Every structure is written in C-alpha cells, then in structure tokens.
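The values are calculated or read from the model by the stated rules, or taken from the named source; none is laboratory data. Not measured: the values here are computed from a predicted model. Cβ placement follows ideal geometry from the backbone for every residue including glycine, while neighbour counts extend to all protein chains displayed. Side chains included, ligands, DNA and RNA excluded: accessible areas come from the protein's heavy atoms. Shrake-Rupley method; radii C 1.70, N 1.55, O 1.52, S 1.80 Å.
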Amino acid sequence: MVVKMIKLVEYYLALNIVKKIKNTKSQLEVFNVLKSMPGIGDFLAYQIFVDFSYLAEFPFSENEFVIAGSGCKKGLQCLFKDFDGLSYEEALFWLRDNQTKLLGKFGYNPKKLFSDLPKEDRMLNIMSLENCMCELSKYIRAFNGQGRPRIVYRK
C-alpha cells in the first residue's frame, strides 16, 4: 500500500499540480485544478482547498469559497423552505452574513461564543457552516429513523 501511495504522489507531481495551482487567479480555479486530478471529486477537492487555506502562502481564504456537498444541501433544505433563487453556496453565505441576527434570536452572540479568536474571525466561517449543514442532515435522518449515527452517546 505504501508503494501505491508513493506512485500516486509521483503521478500527481508529474501532472504539475503545484505549478497549476500557483498560476490560478481564483478559488474556483484552484478547486477545478484539484478536481481535474484523477480520483479527486467535488468533496475531496473542496477539503483539499480548505487544507491549503491553512498555509500562510496560500492566497485564498476558507471563508470566501465553498462547495456545498450533498449532505450540506440536505441540511440546507431542512432550514430553508424557499431559497428565493439562491444557490446552495449562496444560502451558506447568507447564513454566514446573517448569523449574528439569527443566533441572537436564541440568545447567542457569535462574538462572545468565539471570543478566543481574533475579532475578524469571531463567527462560524463558511467552511464550518458547510460542515454543520452536513451534520444537521445526518442527525435529522437518524431522528426520523432513516439512518443511524456512527457514534451513539448514552445519557
């Protein structure tokens, strides 16, 4: 298995992926370069993009680009009766931009919840919201008896 992984890395290096990513001008271009790699679909390409965003030299943010996966889409459908023409990604940005008002209705203040973060990051970022919607869809399916959670917590 180790040899197969090494050969896979060699293969990806031969595709000049690093050079292609360095030449991109937008987050979507990075995503598409990643997605063009054999064996990499939407989900994994987005996860790799997010991982890259943790590198200081990577010019893009995990809070300005998102690809809604299938679980996320199902979670958003649980929250929104009507998307009013918004795409799933636009709905996530709407949630990000309106979270203070939405959470305030339930007595929560994101600025206080995330007080350990720098002021500009004291919110659920777009990547976290994408993950939350996916988890929401799993929990609702399990609650409705249409699946089961992988981890069961005892009371």
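Tell me, which helices (runs of 4 or more DSSP H) wholly within the range 46-116 include 1 or more residues that are at pLDDT 95 or above and surrounded by 13 or more Cβ atoms within 10 Å (Cβ to Cβ)?
On the way: elements: 70-79, 88-104, 110-113.
Of the helices (runs of 4 or more DSSP H) lying wholly inside the range 46-116, those with at least 1 residues that are at pLDDT 95 or above and surrounded by 13 or more Cβ atoms within 10 Å (Cβ to Cβ) span 70-79, 88-104.
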**OP:** For the range 117-128, state whether one or more residues are farther than 28 Å from N23 by Cβ, open to solvent by less than 60 Å² (accessible area, probe 1.4 Å) and not in a loop (DSSP other than H, G, I, E, B).
**Re:** yes
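Filter the range 129-144 down to residues that are over 27 Å from F60 (Cβ atoms) and part of a helix (DSSP H, G or I) and give me whichever is most open to solvent (accessible area, probe 1.4 Å). Working first, answer last.
Filtering the range 129-144 down to residues over 27 Å from F60 (Cβ atoms) leaves 138-144.
Checking which are part of a helix (DSSP H, G or I) leaves us with 138-143.
Values: K138: 86, Y139: 132, I140: 57, R141: 87, A142: 28, F143: 176 Å².
Out of the qualifying residues, it is F143.
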Original post:
Pairs under 6 Å by beta carbon, first residue more than 14 Å from G39 (Cα to Cα) and open to solvent by 50 Å² or more (accessible area, probe 1.4 Å) in the range 1-27, partner modelled with pLDDT of 90 or more and in a helix (DSSP H, G or I), six or more apart or different chains?
Top reply: K20/V33
**OP:** Kindly establish whether F58 is of a type outside the set (D, E) and under 14 Å from E130 (Cα atoms).
**Re:** no
